[in-house]
Amino acid sequence: MQTKQGSLAKVITTAPILTVPTTPFTDQKPGTSGLRKKVRVFQQAGYAESFIQSVFDAVPGHEGATLVIGGDGRYLNREVIQVAIRMAAANGFAKVLVGQGGILSTPAASHAIRKYGAIGGLVLSASHNPGGPNEDFGIKYNVSNGGPAPEPVTEAIHARTLEIAQYRTIDAPDIDLDRLGSTQVGAMAVEVIDPVADYAELMESLFDFPAIRALLASGFTLSFDAMSAVTGPYAHEIFETRLGAPVGTVVNGTPLPDFGHHHPDPNLVHARDLYERMMGPGAPDFGAASDGDGDRNLIIGRGQYVTPSDSLAVLAANAHLAPAYAGGLKGIARSMPTSGAADRVAAALGIPLYETPTGWKFFGNLLDAGMATICGEESAGTGSDHVREKDGIWAVLLWLNVLAARRLSVAAVMADHWAQYGRNYYARHDYEGIATPAGDALMAHLRESLSALPGTQTAAGTVEAADDFAYTDPTDGSVSARQGIRVLFAGGSRVVFRLSGTGTEGATLRVYIEACEPAGGNLTQPAAEALAPLVAAAEQLARIAHFTGMDAPTVIT
Ligand code: VG1
Ligand code: CO
């Protein structure tokens with residue numbers, strides 16, 4: 001890496017630094033994961049620039065530092081990368097590492113930040129949100145541990161967006177994003193890096209590739225749907241080239257600016273093709289999908305869907321079968337709405353379980369402190385301390401490593417897991433596109449009725465307790481309040497209500513429903529049947545139809 005002095009000594013540049021006046025945009029508050037807006041919002045003059053300058057202003061020590069830049073390939077990706085490179089040069093960064101073609105999956109960006117000692121990174125993505133001229137774009141800032149900026153940093157960025165008066169850029173041409181190698185932009189070096197190589201090498205260091213190769217050679221079949229999003233090149237290289245799965249294992253493997261008009265959200269609605277293939281005759285042994293920026297994973301065995309919450313629990317219980325985790329786990333962390341399935345595994349392993357607010361940024365401190373090794377969210381995010389992001393391909397590889405070691409079907413692994421730990425039946429009901437005031441009114445009504453909820457009779461039994469989840473980070477004492485309403489029933493069953501922080505239009509209500517069945521209980525019910533009484537209780541307590549005007553969710557996952 002270039003030192004500040006070294007880079008300054010080398011500089012021969014005539015490119016003038018420009019200071020461009022701007023006025024604050026009042027809608028640049030980062031949500032659950034970065035700033036996400038419609039493309040047309042980002043296309044306003046100075047909009048992306050003001051946000052990027054606010055990020056740089058909020059990051060002390062960026063002069064002379066290295067910055068990683070990449071994105072998920074969606075519409076506007078290349079344009080905003082060129083803008084960010086010029087601005088980084090004008091703001092005194094010594095070096096930018098950018099993925100070839102503007103591509104870096106979120107976990108690969110996290111790895112690059114860590115590997116090359118960068119001060120941070122800009123990941124241009126709206127993740128699972130759709131892309132294209134009429135859809136969504138986003139900018140996330142990751143800090144030097146490779147993880148999403150924690151709340152104090154996003155708050156500082158937001159505060160800066162409200163007072164910013166100018167941004168700095170440089171009068172320099174676009175760089176060739178498709179050619180590997182170094183160029184100079186003003187005083188700054190730009191290196192276009194292979195987006196896959198470092199990441200694939202990291203994966204190979206974590207998992208037993210020879211065992212997975214042998215599994216695949218034995219006739220085990222795999223289908224990976226990259227959803228025309230960022231994981232295509234990673235999946236081709238790792239599954240087909242390095243692990244020897246036949247060509248065609250990876251479908252929709254070319255990143256497209258509009259994800260082929262699809263919604264790159266790997267769930268039972270948007271990855272329907274994969275689901276039907278896995279449930280139909282002649283299904284492969286194992287099916288998986290990832291999202292826009294490659295940090296989520298969907299796992300479906302032949303005839304067996306695995307909820308993300310169960311997947312976290314199974315991976316935690318079996319992680320010791322992979323070389324990187326052979327020494328055991330230090331702890332497990334899950335977001336609050338994620339089911340308690342992982343809690344049972346943590347208890348059995350005798351390790352701590354941390355319950356955090358929604359969003360990967362809350363796991364970073366636990367991972368840095370060595371308090372947790374594996375983390376997960378109900379929204380199809382799983383990951384470990386190998387990077388500081390959730391990681392879709394990592395989760396698929398850990399599953400394959402477990403299956404290679406155990407030589408069982410996914411369905412058999414699940415049956416065995418539930419027999420040992422019991423089962424947390426689980427579903428999330430999303431009510432999308434509701435008017436923001438309606439969503440706010442529903443949450444306000446729940447908050448007002450909180451103290452009266454305990455003792456209420458419902459179809460799912462008596463409410464035992466209810467609260468508005470608040471989290472105190474055990475490493476730095478920072479508090480995040482109002483993270484969602486929890487309604488708890490006897491035996492661990494519960495309903496959780498919160499509003500999404502990643503949407504770009506109106507509000508999305510998320511209702512998380514979980515019914516606990518202990519080991520020895522009825523473990524083979526259809527999930528919808530097991531959850532029906534809790535669904536009725538959710539309607540009774542939150543008056544969803546009344547507030548939203550909708551009598552059914554738009555998406556059930
Ligand atoms: C959603 C998920 C959350 C996840 C976030 C970012 O947030 O619920 O678990 O961390 O998306 O994922 P929300 O606020 O809409 O519920 V990604 O893959 O879209 O960056
Ligand atoms: Co994502």
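The values are calculated or read from the model by the stated rules, or taken from the named source; none is laboratory data. These numbers were taken from a predicted model, which means no experiment stands behind them. Quick reminder, even Gly has a Cβ in these numbers, built from the backbone with ideal geometry, and neighbours come from all protein chains shown. Remember, those area values only see protein heavy atoms, side chains included, never the ligands or the DNA or RNA. Shrake-Rupley method; radii C 1.70, N 1.55, O 1.52, S 1.80 Å.
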Bins of 10 Å, beginning at zero and ending with the bin holding the largest distance: percent of Cα pairs per bin for the range 271-396, please.
14, 45, 31, 9, 1
Collect residues whose amide H, placed 1.01 Å from N in the peptide plane, falls under 5 Å from the amide H of Thr554; neighbours closer than 5 in sequence don't count.
Asp430, Tyr431, Glu432
In the chain, what percent of the accessible surface is made up of carbon and sulfur (1.4 Å probe, ligands and nucleic acids excluded)?
52
Extension gain (nm, one decimal) between Asp178 and Asp467, 0.36 nm per residue minus Cα-Cα
98.9 nm
Based on DSSP H runs of at least 4 residues, each adding -39500 (n - 2.57), what is the mean residue ellipticity at 222 nm of the chain after dividing by all its residues, to the nearest 500 deg cm²/dmol?
-9000 deg cm²/dmol
Just to verify a number: FRET efficiency for Thr475 and Ala217, C-beta to C-beta distance, R0 = 51 Å, to 0.05?
0.70
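Summing Lys, Arg as +1 and Asp, Glu as -1, what charge do residues with Cβ under 14 Å from the Cβ of Pro210 carry, Pro210 excluded?
0
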Based on the alpha carbons, how large is the Rg to Rh ratio for the range 153-227 when Rh follows Kirkwood?
1.21
HN-Hα couplings for the range 369-376 via Karplus (6.51, -1.76, 1.60; θ = phi - 60°), in whole Hz with x for Gly/Pro, come out as 7, x, 8, 10, 10, 10, 9, x
Relative contact order as a percentage, the chain, C-alpha pairs under 8 Å and 6+ apart, gives 13
Rounded to the nearest 0.05, what FRET efficiency do Asp198 and Glu276 have when you use their Cβ-Cβ distance and R0 = 35 Å?
0.50
Whole-number D in µm²/s for the chain (Stokes-Einstein; Kirkwood sum over Cα pairs; 37 °C, 0.692 mPa s)
137
Yeah, the range 193-235 with a ≥ b ≥ c from its alpha-carbon gyration tensor (a/c under 1.5 is rounded, else prolate when a/b outruns b/c, oblate otherwise) is oblate
So between Ala347 and Ala528, what do we pick up on full extension, going 0.36 nm a residue minus the alpha carbon distance?
62.4 nm
Per-residue HN-Hα couplings for the range 119-135 [Karplus 6.51, -1.76, 1.60; θ = phi - 60°; Hz; x = Gly/Pro]:
6, x, x, 9, 10, 8, 6, 10, 6, 7, 6, x, x, x, x, 9, 10
Calculate how steeply helix 151-161 sits against the longest principal axis of the alpha-carbon atoms of the chain, using the helix alpha-carbon long axis, and give the answer as 0 to 90 degrees to the nearest 10.
50
Quick one: what are the phi-derived ³J(HN,Hα) couplings along the range 29-45, Karplus 6.51/-1.76/1.60 with θ = phi - 60°, whole Hz, x for glycine and proline?
7, x, x, 3, 8, x, 9, 10, 8, 4, 3, 5, 5, 5, 7, 5, 4
Could you sort the peptides 472-480, 456-464, 258-266, 503-511 by per-residue average Cβ neighbour count (10 Å cutoff), highest mean leading?
258-266, 503-511, 456-464, 472-480
Accessible area per residue in Å² at 1.4 Å probe, computed on the chain
36
Tell me, what is the percent relative contact order of the range 271-327, built from C-alpha pairs under 8 Å that lie six or more residues apart?
24
Extension gain, Glu505 back to Arg447 (0.36 nm per residue minus Cα-Cα distance, nm):
18.5 nm
